[in-house]
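Accompanying notes for the structure given below.
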Amino acid sequence: MIKSLADKFRPRIKARIRKNKQILNKNVKNIFEWVKGAELIELKECNTAEDPVRPELDNDFRTGYGRKIYGVKYKEEIHAVMCFAYTNKIPKSVDELEKLSTDAFLQSAMRDQNIGQIAIAYTVWSKKKGGGKLIVKEVFKKIKKSNHLNRLVTLSPLTDMAKKFHSRNGAKLIQVNETTQNFEYKII
């Protein structure tokens, strides 16, 4: 009797497992489906209160001399944001970042209008799963296409989260400063 019950339920259990696998695979595909249609755009401003890394920096700072904001947009909604400064040297603090990006901007005004040789990513955040990795990838492509940028370096806080994020995305730690750390993404 017990054996006949086990034989009776075994096919049902296997069918249920197959069905659940299909549902799970479909849902996993839907989580990242938005990534395919997303595009990188330059923003005039962002909601600085959403920034978990540097919320104290206002939009005037983020769009000041030699600094820009990029976002990953999908269906009229911004899903990830990354702020950059263009410099000729690697900064060790936000204050130094401001000075170096302003200096690179002023130097470019006297020459060829190409600001700096190094893109410094000083904050990145995502509102949707996969957004952080996607924006790093898209910005990386943009930098590779530029004719004046030859390095992509971060100015990251001294946190394990920053270390794990950049390491997982292929960056190498190049220096640890008093309040920040710098990672570099290899541009090939």
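The values are calculated or read from the model by the stated rules, or taken from the named source; none is laboratory data. What you see is a predicted model, and the numbers here were worked out from it, not measured in a lab. Here the Cβ is made from the backbone with ideal geometry for all residues, glycine too, and neighbour counts use every protein chain on show. Calculation scope for accessible area: heavy atoms of the full protein, side chains included, ligands and nucleic acids excluded. Shrake-Rupley method; radii C 1.70, N 1.55, O 1.52, S 1.80 Å.
Some points to look at:
- Sorting 166-179, 93-106 by average packing, meaning the other beta carbons within 10 Å per residue, from highest down gives 93-106, 166-179.
- Contact order relative to length of segment 57-188, as percent, for alpha carbon pairs under 8 angstrom and 6 or more apart: 22 percent
- Segment 111-155, accessible surface, carbon-and-sulfur percent (1.4 angstrom probe): 45 percent
- Bins of 10 Å, starting at 0 and running to the largest distance - Cα pair percent for segment 144-188: 29, 49, 20, 2
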